[in-house]
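The values are calculated or read from the model by the stated rules, or taken from the named source; none is laboratory data. Small disclaimer: the values here were computed from a predicted structure and weren't measured. Neighbour counts run over all protein chains shown; Cβ positions are idealised from the backbone, glycine included.
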Amino acid sequence: MCGPAWSGQLVELYHYRDQSQYEVDAVLENRSGQVVGVEVKAASTVGPGDFRGLRRLADRLGDDFIAGIVLYTGTSTLPFGDRLRALPVSAMWQLPAPTGDRLD
């Protein structure tokens, strides 16, 4: 189980590969069966083919598939269809913009 301080969800971490060799590098599943798939690419560009495994996983899981993310070395967040996004790997180290809410 993974339960980092920045997440309120406990998740299981898996790798997905089916008989047709579609695969997803990391599959995060919460206790409710909701899934986020993550692919990691060492490339500065992404295309529809990079989402092949994520699309297959989404088709298999239906509504339990929450999001599919391809992390890449580019600089833009790009949409690739319903619940599919390419994100710069640098986004993993960026904090979200402040909301104006104060905690003190």
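Just a few scattered comments:
- Considering residues of segment 28-52 that are touching a helix residue (DSSP H, G or I) at 6+ places or on another chain (Cβ under 7 Å) and at negative phi only, the residue surrounded by the most Cβ atoms within 10 Å (Cβ to Cβ): Gly37
- As a summary of the residue check, Met92 satisfies the conditions (1) surrounded by 11 or more Cβ atoms within 10 Å (Cβ to Cβ); (2) assigned to a helix (DSSP H, G or I); (3) aliphatic (A, V, I, L, M) except for the one numbered (1).
- With respect to the stated conditions, Arg55 fails to be at pLDDT below 95, basic (Lys, Arg) and either farther than 25 Å from Ala43 by Cβ or surrounded by 14 or more Cβ atoms within 10 Å (Cβ to Cβ) (or both).
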